[in-house]
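Notes follow once the structure below has been shown.
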């Protein structure tokens, strides 16, 4: 038996769940553009444990959304997760943010899911998944234009674009194969099953050295030279 606490703070949604053997027992989340994660996260942890009639010492592992996403949001979630792992002497699990977001869809045969988070200007954090949620492209910071995802759209019967970056794509691409899910945000709900698989496979992180996946290298720009 495994009881896992799941923490999702990569975007505007502050989300916490607790699950037993991959089945969610309780969920607490609040999606706000004000990024109230620092104030809400520990309160949400206490509430989900209370709602599930559990204490913090019942937890067998902590799972955290690893990114990409908001720098501040990821830092808050990872810091909380690592602190709990250290204090309770339990393992840390990381779940790819875009993977859990993709699992909010139900693609059919020969359909793909493109999980996209808004970055800046015309950029999105992006990853493509097949019908079985296997990741078929690397996670990247992608600049959107009229030719974006041409290879994906030509390969699959339908492509589901999901997440806060989908609006940029909808405004730019013209394809009858594209379906857009604009209001979806990563949630600790989908993390329940994903973190349990990792726990079962002993796919754990080094608590001391684990860092969020910021995709920061893609976002750095050299300052313009002065003439």
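The values are calculated or read from the model by the stated rules, or taken from the named source; none is laboratory data. Note that this is a predicted model, so its numbers are computed, not measured. Positions of Cβ are backbone-derived with ideal geometry, glycine not excepted, and every protein chain shown enters the neighbour counts.
Inspection of segment 85-93 identifies no residue that is in contact with a strand residue (DSSP E or B) (Cβ under 9 Å, 6 or more places away or on another chain), crowded, with 16+ Cβ neighbours inside 10 Å and under 17 Å from residue 165 (Cα atoms). Counting the residues of segment 37-60 that are in a helix (DSSP H, G or I), surrounded by fewer than 17 Cβ atoms within 10 Å (Cβ to Cβ) and either in contact with a strand residue (DSSP E or B) (Cβ under 7 Å, 6 or more places away or on another chain) or not assigned by TED's automatic domain parsing to the domain that holds residue 73 (or both) gives 3. Of the residues contained in segment 171-180, none is found to be in contact (Cβ under 8 Å) with a residue 60 or more places away in the chain and not in a loop (DSSP other than H, G, I, E, B).
Quick grid of which residues meet (1) outside the structural domain of residue 11 (by TED's automatic domain parsing); (2) under 19 Å from residue 175 (Cα atoms):
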| site | (1), (2) |
| --- | --- |
| 80 | no, no |
| 92 | no, no |
| 122 | yes, yes |
| 134 | yes, no |
| 149 | yes, yes |
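Just one of (1) farther than 14 Å from residue 179 by Cα; (2) within 10 Å of the chain's Cα centre (by Cα); (3) crowded, with 24+ Cβ neighbours inside 10 Å fails for residue 96. It is (3). Which of the following residues is touching a strand residue (DSSP E or B) at 6+ places or on another chain (Cβ under 9 Å), outside any helix (DSSP H, G or I) and closer than 25 Å to residue 203 by Cβ: 63, 80? Going through 63, 80 in turn, just one is touching a strand residue (DSSP E or B) at 6+ places or on another chain (Cβ under 9 Å), outside any helix (DSSP H, G or I) and closer than 25 Å to residue 203 by Cβ: 63.
For segment 13-36, residues that are part of a loop (DSSP other than H, G, I, E, B) and at pLDDT 95 or above total 2.
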